[in-house]
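The structure under discussion appears below in the form of structure tokens.
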Amino acid sequence: DYLAIAFDLHAPTFRHKLFDAYKGTRKGMPEELRQQVPYIKDLVKLMNIKTMELEGFEADDLLGTMAKRGQANNLEVTLLSGDRDLLQIADKHIKIRIPKTQHGKTTVEDYYPEDVIAKYNVNPDEFINLKALMGDTSDNIPGVPKVGAKTAEDLIVRFHTLDGVYASIDEVSKPAIKQSLLDNKDLAYLCLKLATIEINAPLNLSFDDIKYDIKYTKEAYDIVKYLNLKSFFKVFEDNLNNQVEIVEETVP
């Protein structure tokens, strides 16, 4: 019923303002990928697909915001992304679909909250706290020193949240881990902010704006042919032929 695609902007986000080194270790977009982005944007525009961009926010924040708005409006929501950060958005009516390609074959993993628990032993809310403790090298979120993935999982399974960990700090048995948690409490909460997807981004977009109404235009097909995207040829040709037949039938 509705469809939109979110893009990151080059401008810094609110996370960069909180932490200068956010994503600081990440290499820039490969040039061969950068060259493709304008074609993607032109193609989806010609196909009448709405795009979402907002300075100061990441694409994940826009996806999270629209997903929660959709859920609040009794919609069944699907988010499609290769970014597992979005697992924190999984909810009863929000399905996260994560494609992965191995040996030239793409499969899609679907996650509702119960699937997140089955995979990671934590629920979607706890997933953010897990990342805050152990960090994320891809986003350069440092996490708490000496707290690796296994220790972070053990802590969150026991205490559920960062607040729960610090409320029960005396129950942390390993002295080195306990001391590191105490010494780096501010860092832990900073990491939590960095890891949390914003679900109330000031996005000026209504569901009327993103009604599903894909257009298989000749101009879009020209781009598809130019890029030799053969897997799309038939769907464009079939839809373009149908459009021609409809026009011919209405001509006296």
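The values are calculated or read from the model by the stated rules, or taken from the named source; none is laboratory data. Bear in mind that the values here come from a model prediction, so they are computed numbers and not experimental data. Cβ: placed from backbone, ideal geometry, glycine included. Neighbour counts: every protein chain shown. Accessible surface is based on the protein model in full, side chains and every heavy atom, while ligands, DNA and RNA are left aside. Shrake-Rupley method; radii C 1.70, N 1.55, O 1.52, S 1.80 Å.
Some notes on this structure:
- Dividing the summed helix terms, -39500 (n - 2.57) for each DSSP H run of n ≥ 4, by the number of residues in the chain produces a 222 nm estimate of -13500 deg cm²/dmol to the nearest 500.
- Spin-label proximity, Ala72 to segment 115-143 - amide N less than 20 Å from point 7 Å beyond Cα toward beta carbon: 125
- Principal-axis tilt of helix 233-250 within the chain, Cα atoms, nearest 10 degrees: 40 degrees
- With Rh defined as the Kirkwood radius, the inverse of the mean 1/r over Cα pairs, the Rg/Rh of segment 39-107 is 1.01.
- Surface analysis of segment 82-139 yields an accessible area of 51 Å² per residue, using protein heavy atoms and a 1.4 Å probe.
- The chain, accessible surface, carbon-and-sulfur percent (1.4 angstrom probe): 52 percent
- Folded to 0 to 90 degrees: helix 37-46 orientation relative to the chain principal axis, Cα: 50 degrees
- Whole-Å semi-axes of the ellipsoid equivalent to segment 72-115 (Cα gyration tensor, √5λ, descending): 22, 10, 8
- Debye intensity ratio in log₁₀ form over the Cα atoms of segment 108-252, taken at each q of 0.14, 0.17, 0.21 Å⁻¹: -0.78, -0.95, -1.21
- Residues in segment 17-63 average 67 Å² of solvent-accessible surface per residue, probe 1.4 Å, ligands and nucleic acids excluded.
- Amide H contacts for Tyr2 (H built 1.01 Å from N in the peptide plane; partners 5 or more residues away or on another chain; cut-off under 5 Å): Tyr212.
- Relative contact order %, the chain, counting alpha carbon pairs below 8 Å whose residues are six or more apart: 23 percent
- For GluC sites (Glu not before Pro), the sites in segment 1-82 that DSSP calls loop and that have at most 13 other Cβ atoms within 10 Å are Glu55, Glu76.
- At 0.692 mPa s and 37 °C, Stokes D of the chain from Kirkwood alpha-carbon radius, µm² per second: 158 µm²/s
- Sequence-distant contacts, meaning Cα pairs under 8 Å at least 6 residues apart, place the relative contact order of segment 1-104 at 27 percent.
- Sequence-distant lysines (8 or more away, or on other chains) whose Cα lies within less than 17 Å of Lys95: Lys68, Lys119
- Over segment 24-76, the hull volume per residue, using the convex hull of the C-alpha atoms, is 128 Å³.
- Mean accessible surface per residue for segment 191-236, computed with a 1.4 Å probe while every protein chain stays in place, in Å²: 65 Å²
- The loop-placed trypsin sites (Lys or Arg not before Pro) in segment 95-189, going by DSSP, that have at most 16 neighbouring Cβ atoms within 10 Å of their Cβ come out as Lys146.
- Compared with the dominant Cα axis of the chain, that is its longest principal axis, helix 185-195 is turned about 10°.
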